[in-house]
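Report on one structure; see the data block that follows.
What follows draws every value from the coordinates through simple rules; no lab data is involved. Quick caveat, the model's predicted, so the values are computed rather than measured. As a convention, Cβ positions derive from the backbone with ideal geometry for all residues, glycine included, and neighbour counts pool all protein chains shown.
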2 protein chains.
Amino acid sequence: MAKSGSASKVKASGGARSEVTRQHLVDAAIATLQDRGFAGTSARAIAERAGSNQGLIFYHFGSVANLLLAALDAVSHSRLEQYGTSVAGTSSLTELVDAATDIFQTDLDAGYLTVLVEMIAGASSSPGLGPEVAARIGPWQEFAQTAVESSLRDSPLAALLPAKDVAYAVVALYLGLEMLSHLDGDRGPALDLFAHARLLAQLIERMTATTTAEETT
Amino acid sequence: MAKSGSASKVKASGGARSEVTRQHLVDAAIATLQDRGFAGTSARAIAERAGSNQGLIFYHFGSVANLLLAALDAVSHSRLEQYGTSVAGTSSLTELVDAATDIFQTDLDAGYLTVLVEMIAGASSSPGLGPEVAARIGPWQEFAQTAVESSLRDSPLAALLPAKDVAYAVVALYLGLEMLSHLDGDRGPALDLFAHARLLAQLIERMTATTTAEETT
DNA sequence: GTCTATACTTGGATAGAC
DNA sequence: GTCTATCCAAGTATAGAC
C-alpha cells in the first residue's frame, strides 16, 4: 500500500524524514526521563534535547504520554531482547545469577531501569496511563518467570516457591534496587547483594546435589 | 481565640492557627501524592484538597518541595513508630514475617508506601530533593537492619547474609512490591509472596533447630 | 506530509490586603 | 502574623505556514 516513493513506512506519518524525527524524539524522551524524571519530562524539555520544535511531539505522537509510552516500548524491547540472549547461555542457578548481575549493572549504568521506574511511578499522574504501562511491564514478569522456571526445574525449592511468585519478587526487587541505588547515587549495596545471591545460589545447588544423591541411593 | 493580641510567634512554629493550617496542608499533600502521583501534586491540587489558598503553601513551607518533604516526614515517622511496636512483639523469624505481612498490607491499603515511592521517583525532577529524600529513607533501612539482625542472630544464615545487605534488599523489595501492586491495582501477588515467605521462614527455623541439635549432640 | 508560530491553561511564587 | 489577589514562567495542544 505504499502510495508514492516517500511513503513506504506503516505509520500515519510515513516518510523516512518522519521516522528520523520520531526516533530522535524517542531517544530524547528516554534521556530526559533518565535525568529529569517523569515530572521533569515535559514536551519542551524533550524537544530541546532532541533539537526539535515541541509541537512535533503532538504531531508525531499525539501527546507527551504517547511519546513516553513509545520510549518505554523501545527500552523494554531492547532490554528484553538482550536478556534473552544473556540468559540463553546459562544452565545453572549460579550462571543465572551471574547473568543477572551483568544485566543489572548495565541497566543501572545506562539508566534503562530508571525509565521503567519513572514511568511506573508517573503513571498515577496521568489518567489512563496506568494500564498502558502495566501492559509493557507484563513481559518483564513473563521473562523472569521463564528464567526462574528453567533454573529451578530440578530443584526441590520449586515445590515451595512457585516460579510466578518468585518472578514477581525478582522484578519488584529489581525495580526497588534501581530506586534505592539511584536515590543514593551508589550502586555498591545493590551489587553486594548480587554477590551474596551468588553464594546463596551455590549453596542451593550443593544442597540440591546432595538431596538428589541421597534420593538415588 | 482567633488572635491573642498580635501573634508573637515566629514563622516556622507560628500560632495554633498556623499549626492547624500546616497540618491540613501536610495531610492534603499526602492524599494528593497518593492519588495523583508526584507529577500531579501541584500547589493548587494540594490547596484545593486542603480547602486552602495555594499561596499558603509558600507562606508556611516556602515551596511545594518543602511541603512534600514534610509530608514524607510525617508518613515516615508515623510508620516507623508503628513498625517498632509491631516488631517488638516478635521473637522468631516466622513471627517477624507475620508482622511484616500485616504491616505491608496496611501500608499498601492506606497508601503509605505510595508516598515513599512517589517521592523517591519524583526526587530526580527537582534539584536538591534527592539528598533530602535519601535522608528520610535511611531510617527505614536502619529499622529493617535491626529487625533482620535480631531475627537472624541465632541462625547460621547470618554468616552468609549480612544483615545490612538483607535489609537493603527488604526495603527495595517493599518499594518494588508497592510499585507493581499499585500499577496493577492488585495486591494479590504481593500477598501470595508473603505467604510463601512465611513457609520459607518456617523451613529455615526447622533447619536451624536441626543444625543446633546436631551441634549439641 | 512535515514543521513552526501562536493560543490558551496550569503552575510556582510574591506583593500587598486584612 | 496570616491569607488572598495577582504576576509571569512553563505546560499542552493546535491552527496555520511551508
Per residue of B:116-128, count partner chain C-beta atoms within 10 Å of its C-beta, then hand back the mean as an integer.
6
State to the nearest 20 debye the size of the charge dipole of the protein assembly as shown about its Cα centre, where the only charges are +1 on K and R beta carbons and -1 on D and E beta carbons.
2160
Taking the mean number of other Cβ atoms within 10 Å as a proxy for protection, how do you rank B:181-190, A:165-174 from highest to lowest?
A:165-174, B:181-190
Would you work out the charge dipole size for chain A about its Cα centre, treating the Cβ of every Lys and Arg as +1 and the Cβ of every Asp and Glu as -1, and quote it to the nearest 20 debye?
1160
Where does helix B:129-152 land angle-wise versus the long Cα axis of chain B, in degrees 0 to 90, nearest 10?
30
Packing-wise, with mean Cβ within 10 Å as the measure, how do B:35-46, B:50-61, A:104-115, B:84-95 rank, highest first?
B:35-46, A:104-115, B:50-61, B:84-95
Run through the other copies and list how far each one's label point is from that of B:PHE58, in nm with one decimal, shortest first; the point sits 7 Å from Cα along Cα-Cβ.
2.7
Among B:SER125, B:PRO162, B:ALA209, the residue whose Cα sits farthest towards the positive end of the charge dipole of chain B (+1 at Cβ of Lys and Arg, -1 at Cβ of Asp and Glu, taken about the Cα centre) is B:SER125
Label geometry 7 Å along the beta-carbon vector: B:PRO127 inter-copy distances in nm:
3.5
One decimal, nm, shortest first: give the distances between the label point of A:LEU199 and those of the same position in the other copies, each label point 7 Å from Cα along Cα→Cβ.
2.7
Nearest 10 degrees, 0 to 90: what angle lies between the long axis of helix B:93-110 and the longest principal axis of chain B (Cα atoms)?
30
Which whole-angstrom value gives the distance between the alpha carbon centres of the stretch A:69-134 and the stretch B:177-202?
20
